[in-house]
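Before any comments, here is the structure.
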Amino acid sequence: QVQLVESGGGLVQPGGSLRLSCAASGNIFSINAMGWYRQAPGKERELVATITSGGLTNYGDSVKGRFTIFRDNAKNTVYLQMNSAKPEDTAVYYCNAHVQRSRYDGGMYYWGKGTLVTVSS
């Protein structure tokens, strides 16, 4: 099976920085796109950022210019660098990845359990 494990969540002050990590493990032939989504209390889950295996990125409007997504393909890990954090960024952040388990597998999406980020003074 495939597992995604997030880490790095916690408490950060407004204007501060935090880096989230997500490591994929298990039966992995290749990982295509990876991304981060978040869900605040009472809100729908929303896109934060995605990145393809080739490094193309896409960001949600609310985080453009503040967050950066990057990945280390050798480590099957994706990161989210959060700068200039705002209270509105408070949410559970979920890692997502499209994983092929073999050369003949079309692949499917996997989700991590999430890590809580709280932005507060």
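The values are calculated or read from the model by the stated rules, or taken from the named source; none is laboratory data. Since we're looking at a predicted model, the values are computed, not measured. When we count neighbours, we look across all protein chains shown, and the Cβ atoms used for this are built from the backbone with ideal geometry, even at glycine. Surface areas here come from the heavy atoms of the whole protein model, side chains and all, with no ligands, DNA or RNA. Shrake-Rupley method; radii C 1.70, N 1.55, O 1.52, S 1.80 Å.
Some observations on this one:
- Looking only at region 32-60, residues that are among the hydroxyl-bearing types (S, T, Y), surrounded by fewer than 16 Cβ atoms within 10 Å (Cβ to Cβ) and not in a loop (DSSP other than H, G, I, E, B) come to 1 in all.
- Contact map, region 78-91: residues that are farther than 23 Å from L4 by Cα paired with residues that are open to solvent by 10 Å² or more (accessible area, probe 1.4 Å) and hydrophobic (A, V, I, L, M, F, W, C), Cβ distance under 7 Å, separation 6+ or inter-chain. Pairs shown: A85/V12; A85/L18.
- Residue count, region 61-70 (criterion: assigned to a strand (DSSP E or B) and not hydrophobic (A, V, I, L, M, F, W, C)): 1
- Residues within region 1-26 that are open to solvent by 30 Å² or more (accessible area, probe 1.4 Å), outside any strand (DSSP E or B) and modelled with pLDDT of 95 or more, tallied: 6
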